[in-house]
């Protein structure tokens, strides 16, 4: 895997994040917290999980441990959006500074159960991108079920625009 390919996928993730945040701006606070099913039960909980995953993986890439935030850690979409943008910016800065040959390098970290594991950097990034797409789809599904208009967030839509 080439660094340029990872940067393109990261750009797509950043682009789709902004589309998700724009769609969520049209949702009331009550609807953000209403039970909706999915993996985390509500739009807010799913949003905070996506943000948290970027924070956790970003911390691991920098040699730090961090747990997942709880939904009430970000009581507003603005707070969650700002933190999510910050997490993505840190991830992009890390990747841009990473020497080309180091994307296949391995790092050790404690998983959320506290067990020490090792993964290649590109594997971590691919996991993050796939995870983002999975839960982004859950958010889009919840929005559709609520009758809100949705916009495309797929990788090919990003490719056609960039």
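Residues of the stretch 18-52 with an amide N closer than 13 Å to a point placed 7 Å from the Cα of residue 134 along the Cα-to-Cβ direction: 39-40, 50. At full extension, residue 76 and residue 5 could sit 22.2 nm farther apart than now, given 0.36 nm per residue minus the alpha carbon distance.
In a fully extended conformation the segment linking residue 29 and residue 145 would gain 40.1 nm over its present Cα-Cα distance, using 0.36 nm per residue.
Spin-label pair residue 18-residue 120: with each label point 7 Å from Cα along the Cα-Cβ axis, the two points sit 3.1 nm from one another.
An oblate overall shape is assigned to the stretch 52-97, the ratio a/c of its alpha-carbon gyration tensor axes (a ≥ b ≥ c) being 1.5 or greater and a/b not exceeding b/c. Look at the alpha carbon pairs under 8 Å that are at least 6 residues apart: their mean separation over the length of the chain gives a relative contact order of 31 percent.
Values quoted throughout were computed directly from the atomic coordinates according to the rules given, and no laboratory measurement underlies them. Keep in mind the model is a prediction, meaning the values are calculated, not measured. Positions of Cβ are generated from backbone atoms using ideal geometry, with glycine treated the same way; all protein chains shown enter the neighbour counts.
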